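K.L.:
Handing you a structure now.
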Amino acid sequence: NNNNNNNNNNSVNDIRTSFCRRVFRSLIKGSGPFVNSLSLRCAYIGFEAMQINGGGYTVACKEAKDFLKNDQMNLRLWNAYANLQKAYEKPKEASKVVKKALFLLPKLSQKNQRNAPMLFWTLAEL
């Protein structure tokens, strides 16, 4: 009976996870008003990183890289990707990500440079 309850809980959790994933993806990758929402993109990376079944780190990294491919100059996305590496105890990878982002600083507008301190903070925490 205990196994049956665990199976039911797992299927409910799988359904919830699948639902959340579909909602995130439809909001971020659709054509609605949230398609450029940086907060949702960062939240989605965090959501995927927390998934034990269905990818977790691998899916979160892929999504972060896809977001960065389309928005290379976004320091908040770079920081989210670096924090993902840090969360999975990959300090060398996190350091590479931060340094790559900091290399972009001279190319960024002053408005975009305002997010640089969070990268320095992340680097200091490594």
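The values are calculated or read from the model by the stated rules, or taken from the named source; none is laboratory data. This structure is a prediction, so every number in the text was calculated from the model and none was measured. Quick reminder, even Gly has a Cβ in these numbers, built from the backbone with ideal geometry, and neighbours come from all protein chains shown. Surface accessibility is based on the protein's heavy atoms, side chains included, excluding ligands, DNA and RNA. Shrake-Rupley method; radii C 1.70, N 1.55, O 1.52, S 1.80 Å.
K.L.:
Provide, as a two-decimal number, the C-alpha radius of gyration of segment 25-71 over 2.2 N^0.38 Å, N being how many residues it has.
P.N.:
1.11
K.L.:
Mind grabbing the accessible area of VAL12 for me, 1.4 Å probe, Å², rounded to tens?
P.N.:
My reading of the accessible area for VAL12 is about 60 Å².
K.L.:
In Å², and per residue, what accessible area does the chain have when probed at 1.4 Å with the other protein chains present?
P.N.:
Per-residue value: 65 Å².
K.L.:
Any idea what angle helix 91-103 forms with the longest principal axis of the chain, computed on alpha-carbon atoms, 0 to 90 degrees, nearest 10?
P.N.:
Tilt of helix 91-103: around 40 degrees.
K.L.:
Quick check: with the 1.4 Å probe, what order do GLU48, GLU125 take by accessible area, largest first?
P.N.:
These residues rank, largest area first, as GLU125, GLU48.
K.L.:
On to the next question. Return P(r) of segment 51-109 (all Cα-Cα pairs; 5 Å bins starting at 0; whole %; ordered from short to long distances).
P.N.:
Pair shares across the bins are 4, 20, 28, 25, 14, 6, 2, 1, 0.
K.L.:
Rounded to the nearest 10 Å², what accessible area does LEU38 have for a 1.4 Å probe in the complete protein model?
P.N.:
The accessible area comes out at roughly 30 Å².
K.L.:
Still on this structure: So what is the relative contact order for the chain, in percent, with contacts set as C-alpha pairs under 8 Å and at least six apart?
P.N.:
Relative contact order, the chain: 16 percent.
K.L.:
Under a 5 Å amide H to amide H cut-off, with H placed in plane at 1.01 Å, what residues pair with GLN51 once short-range neighbours are removed?
P.N.:
GLY56
K.L.:
Expressed as an acute angle from 0 to 90° and rounded to the nearest 10, what is the orientation of the C-alpha long axis of helix 38-49 relative to the principal long axis of the chain?
P.N.:
That helix lies at roughly 50 degrees to the long axis.
K.L.:
With +1 on the Cβ of every Lys and Arg and -1 on the Cβ of every Asp and Glu, and nothing else charged, how large is the dipole of segment 1-112 about its Cα centre, in debye rounded to the nearest 20?
P.N.:
Roughly 440 debye for segment 1-112.
K.L.:
I've got another one for you. Which three lengths, in whole Å and largest first, does the chain cover when its Cα atoms are put on their principal axes?
P.N.:
Dimensions of the chain along the principal axes of its Cα atoms: 61, 35, 18 Å.
K.L.:
Return the carbon/sulfur percentage of the accessible area of the chain, one whole number, probe 1.4 Å, all protein chains in place.
P.N.:
For the chain, the apolar C and S fraction of the accessible surface comes to 54 percent.
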